[in-house]
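Remarks on the structure that follows.
Every number here is computed from the coordinates shown, using simple stated rules; none is lab data. Everything numeric in this text was worked out from a predicted model, so none of it was measured. Cβ sites come from the backbone with ideal geometry, for glycine too, and all protein chains shown count toward neighbours.
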Amino acid sequence: MTTDRTSPAGDRPGPPPRTEPPRRPAYGFPRRGWAVLAEHPPPGARGIGERWRSPLRGPWLTAVHGLALLVGLPLVFLTGLLDYLAYSPQFGQAFPHDVGWLRLPPFDWPTRPSWLFRVTQGLHVALGITLIPVVLGKLWSVIPKLFDWPPARSVAQLLERLSLVLLVGGILFEITTGLLNIQYAYLFGFDFYTAHYFGAWVFVAALVTHVALKLRRMLTALRSRPLRAEVTVPRDATRPEPPDPDGLVTARPGPGTVSRRGALALVGGLSLLLAGLTVGQNLDGRWRRTALLLPRGRQPGTGPTGFPVNRTAAAAGVGAADTGAGWRLTLRADGRQASLDRAALLALPQHTARLPIACVEGWSTLQTWTGVRLRDLAALVGAGQPGSAHVRSLEKAGLFAQATLQANQVLDPDSLLALRVNGVDLTPDHGYPARVIVPALPGVHCTKWVAEIEFRGRPDA
Amino acid sequence: MRDLTARFRTAYGAPGRHLLLLVGCFAVAGWVALRLAGEATAGRMLLWFVGAAIAHDFVLFPVYASTDRALRAAVGERRARPAAGPSLLNHLRVPALAAALLFLVYLPGILRQGRATYLAATGQDQQPFLARWLLVSAALFLASGVLYGLRRWRARRT
């Protein structure tokens, strides 16, 4: 993988200059305009094509990266869209609120399997991170094109290059905002959800265009060198690909220092390294620590409540005065009301469920929760078949001080107002005196420090 | 009609469906831009969007390419491409690249960015990350060095 401009071996006679490269496409309209542009390169642009030296660059290497991204990126995109649905946009609680037609067809997010959100969001984040080296490798393989002069020879080419700004800007924007979000560093100063969601659509529109235009070329390039044969070629036998119409193969290749298999092993190895340092944030016990450099690789404590939280009681402004003996849970339905203290809740039939709590930042943890079934609480105020339930927290401010649950999320037999976890009382950071836990529901909608639950009727009733 | 198609193709530089695809692409981007134009932070979003591409193409790439060139010059061509045995250059490149990649990906923790939000979310500080990154990087260089030694020893024996 050499990117030498003037190789240290420059004084050594390199391979002889190749015969006539394939013809570049002819100029489009206005021919004179493009020709004049071609004759007036900006300072430094002339001769830059001579400086690319790596014999590895070529359609095949680009196509292999492209194929990996073509398989991986749609999965990242799709899991991202699913996660938007997991927030129940029908209640206006998915961000950004108004996305027009840029969304999947709506459906009620299921509660089964209970690990659904854990997997979709874990995959979104982990796969997104894993693909970073592939993205960078792909950009490395095509970067000489950026310095081509003239930048375009026709309107078609100009438009296509503009779409590449959306493609490259889009993927790097998504990677950057995503990485900053999962590490809580909002350096960008704009709303993450809005930017990440719409940025994804801009990127995907450019990706669809790019794939439609390049798919055939990618397949041709892949067929030109069977992978199985290519991985047997050592460094010294690595030769440049034949000249290609896109000009990815350099005109003056220098001596190579890495074989193609070496380059692929490097990119793949870096991907594995990132994956290995990421998956731990979804594991419990000692394996969590393997996410060495991520916030959720650390256990905040030991014992039955020593698992991560996404908001501390202190940050939520919930203190002992709010959660002490004076705390009451208010239940409402259709004008009826009930008020229960913690002892009254503990006196109700208790149910225990082993459920994951999974966060949009791609971390999750599986714990054993005990409490009162939400559907029992609904029945208590005569709302046997609620259409939804609106849960409010003691927390005053905060984006997630309240959440609305769908009917299936209220009625699932494992949906709880949890009072205890792993056999002990909840701690303040885990939502004492009571918190919601619902299978497959995003963690932030499993409201902590619950003050009130209002069961609402079905819209059609 | 066929004549017209051919003339369009020559003037535009590609067949009609090329234009159709790109119009579709720009329509989505345009719709998003219009939708976001009302946001107070729209300018920042645009800046980060374009800035991400510029930062990669005109900062990150030149930096890593010229670092690599300097490394290659320092190592010397003979040890970069030895006639037999492992390449010292590659045994330096790989851990260096891995360490740099980890630094970029986990930069907020390593450089302790967003302390307040981090604390509110986790109840913890970002204290350990810099040392961990240094240790992981050192381990990568060490592993690569040991492997280099082994491979050289094996190459000499044969």
Neighbourhood charge, 9 Å Cβ-Cβ cut-off, centred on A:Pro308 and excluding it, Lys, Arg +1 and Asp, Glu -1
+3
Computed on Cα atoms, Rg of the range A:23-177 relative to 2.2 N^0.38 Å comes out at 1.42
Find out how many positive minus negative residues lie around A:Lys396, taking Lys and Arg as positive, Asp and Glu as negative, among other residues whose Cβ is under 15 Å from that of A:Lys396.
0
Once all Cα-Cα distances of the protein assembly as shown are split into 20 Å bins that start at 0, what whole-number percent is in each one?
17, 44, 28, 10, 0
At 7 Å along the Cα-to-beta-carbon direction for both B:Ala33 and B:Thr117, put a label point, then send me their distance in nm to one decimal.
2.7
Tabulate in residue order the Karplus-calculated ³J(HN,Hα) for the range A:404-419, using 6.51 cos²θ - 1.76 cosθ + 1.60 with θ = phi - 60°, rounded to whole Hz; enter x for Gly and Pro.
10, 9, 6, 4, 5, 6, 6, 8, 4, x, 9, 6, 10, 9, 7, 10
Estimated FRET transfer efficiency (B:Leu19, A:Asp108; beta-carbon r; R0 56 Å; 0.05)
0.85
Taking Cα atoms, how many degrees apart are the long axis of helix A:155-182 and the longest axis of chain A, rounded to 10 and kept between 0 and 90?
40
Once Rh is set to the Kirkwood radius over Cα pairs, what Stokes-Einstein translational diffusion coefficient, in µm²/s, holds for the range A:312-461 at a temperature of 20 °C and a viscosity of 1.002 mPa s?
141
For a quick protection proxy, order the peptides A:339-348, A:403-412 by their average other-Cβ count within 10 Å, most packed first.
A:403-412, A:339-348
Label point at A:Asp334 placed 7 Å out along Cα→Cβ; residues across the range A:438-455 whose backbone nitrogen lies under 16 Å
A:454-455
Output the peptides A:64-74, B:147-157 sorted from most to least packed, where packing is the average of other Cβ atoms within 10 Å over each peptide's residues.
A:64-74, B:147-157
Would you list which lysines come within 18 Å of A:Lys396, measuring only between C-alpha atoms, while excluding same-chain residues fewer than 8 positions from it?
A:Lys448
Relative contact order for the range A:24-276, counting Cα pairs under 8 Å that sit 6 or more residues apart, in percent:
37
Within straight cross-link reach of A:Lys214, meaning Cα distance under 29 Å, which lysines are found once same-chain residues fewer than 8 apart are removed?
A:Lys138, A:Lys145
Taking only Cα atoms, what is the 0 to 90° angle, nearest 10, from helix B:2-12's long axis to the longest principal axis of chain B?
50
Separation in nanometres of the label points that stand 7 Å from Cα toward Cβ, at B:Ala40 and B:Phe103:
3.6
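Given a cut-off of under 8 Å on Cα pairs at least six residues apart, what relative contact order in percent is computed for chain A?
Relative contact order for chain A comes out at 19 percent.
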Mind checking the mean number of beta-carbon atoms from other chains within 10 Å of the Cβ atoms in A:172-180?
5
For the range A:58-79 and the range A:80-127, what is the separation of their Cα centres, given in Å?
24
Taking B:21-30, A:364-373 and ranking on average Cβ neighbours within 10 Å, highest first, one gets A:364-373, B:21-30
Before rounding to the nearest 500, sum -39500 (n - 2.57) across all DSSP H runs of length at least 4 in the protein assembly as shown and divide by the residue total; then give [θ] at 222 nm in deg cm²/dmol.
-15500 deg cm²/dmol
Most mobile of B:Leu46, B:Leu97, B:Leu140 in a GNM of chain B (Cα contacts under 10 Å):
B:Leu46
Take the alpha carbon atoms of the range A:327-358, find their center, do the same for the range A:152-192, and report the distance between the two centers in whole angstrom.
46
Counting Lys and Arg as +1 and Asp and Glu as -1 over every other residue whose Cβ sits under 12 Å from the Cβ of A:Gly324, the net charge comes to 0
For the range A:186-290, alpha-carbon Rg and Dmax in angstrom
20.0, 54
